[in-house]
Amino acid sequence: MPVTDELRTTESVRTRSSVAGQTAVVTGGSSGIGRAIAETFVADGADVVICSRTQADVDAVAEELNAADRPGSVLPVECDVTDRDSVDALAEATVEEFGGVDILVNNAGGTGEGGPLHEVAPDDWDSVIEVNLTGTYNVTHAFADSLRENGGAVVNTASMAGRYGVAEMGPYSAAKAGVSALTRTLAVEWSVDDVRVNAVEPGFIATPAVREWFGLDEIPARSDVDREIGSPHEVADAVRFLASDAASFITGQTISPTGPPNTFEPPTG
Ligand code: NAI
């Protein structure tokens, strides 16, 4: 779309920042950041397919979000992103219900057990790479035709762990660095198809996994913890921006919702 003064009016800025009327797929939508992305999207008027490995988990989120009379709707689908058949079934269910997809958010992931690299067992290495990196490939591959047919947006969930060295998170850091690299590569490949591919690279976000890690019972006030910690909705807002037309000239980029720059410091020496 050409840049005109019209784009600077409040109404057009609102419209371009919205994902209303779009169909989005959010993997790992039963919890934490994925759940917040689904909530943000349906509140804005998108239809959202959420998946996780257990149907009951996505059903519970869909029931809650659909009951709240938001403009968009939620379709819960059981899917393990590491299983190609399961991912193909997710794509089929999405096309059957909504005709295709406009926005793909590859959010499913996890750190695994962690530990110094020399103590990481081969199976643990494989499982962390599988869910974070291969899972992103699997789902993107399954939705490729649908996305490239009419154009769209992909937003991948990387991590600051993939940018900086974080002790005892070797497999996770490597997987997330791979997600960032894949994001840049795909942005180039799919630019001719009008598909933008970007990523978010969050810092510490108050999700169940991170609360457990820090031993926190509830989502803390920022001042209650010894480092900056964000909310899942702060990541969801960045994802919505990247998925919307407001980011129409942005592809192959990564936004880092991390709080102040000193939250993550690169290793010295
Ligand atoms: P979470 O544990 O609350 O949610 C993870 C979601 O992924 C859940 O819905 C889970 O069921 C799903 N999932 C896990 N394995 C799956 C599989 N094989 N197939 C389908 N779904 C699967 O975690 P959180 O914190 O919300 O993380 C979401 C994403 O954000 C992950 O990719 C994580 O690595 C990333 N991230 C999180 C940060 C944080 O501080 N919470 C920081 C940086 C990145």
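The values are calculated or read from the model by the stated rules, or taken from the named source; none is laboratory data. Computed from a predicted structure; not experimentally measured. Glycine also receives a Cβ, built like all others from the backbone with ideal geometry; neighbour counts cover every protein chain displayed.
Summary table
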read-out	value
Flag for Thr27 being of a type in the set (Val, Ile, Thr) and touching a Lys or Arg at 6+ places or on another chain (Cβ under 9 Å)	no
Gly29 being under 28 Å from Ile250 (Cβ atoms) and part of a loop (DSSP other than H, G, I, E, B)	yes
Of all residues in region 166-193 being under 23 Å from Ser244 (Cβ atoms) and within 14 Å of the ligand (Cβ to nearest atom), the one that is surrounded by the fewest Cβ atoms within 10 Å (Cβ to Cβ)	Ser180
Complete set of residues in region 32-41 that are in contact with a helix residue (DSSP H, G or I) (Cβ under 6 Å, 6 or more places away or on another chain) and within 20 Å of Asp80 (Cβ to Cβ)	Gly32, Ile33, Arg35, Ile37
Candidates Arg211, Arg163, Arg196 - the one that is more than 12 Å from the ligand (Cβ to nearest atom) and of a type outside the set (Val, Ile, Thr)	Arg196
Thr140 vs. criteria near the ligand (Cβ under 10 Å from one of its atoms), in contact (Cβ under 8 Å) with a residue 40 or more places away in the chain and under 26 Å from His233 (Cβ atoms)	no
Of residues in region 42-68 being part of a helix (DSSP H, G or I) and more than 15 Å from the ligand (Cβ to nearest atom), the one surrounded by the fewest Cβ atoms within 10 Å (Cβ to Cβ)	Ala67
Pick from region 200-240, criterion in contact with a strand residue (DSSP E or B) (Cβ under 8 Å, 6 or more places away or on another chain) and part of a loop (DSSP other than H, G, I, E, B), ranking: modelled with the lowest pLDDT	Ile229
Pair list, Cβ under 7 Å, 6 or more apart: region 49-75 residue at negative phi, other residue within 11 Å of the ligand (Cβ to nearest atom) and polar (S, T, N, Q)	Ile50/Ser30; Cys51/Thr27; Ser52/Ser30; Asp57/Ser30; Val58/Ser30; Val58/Ser52; Val61/Ser30
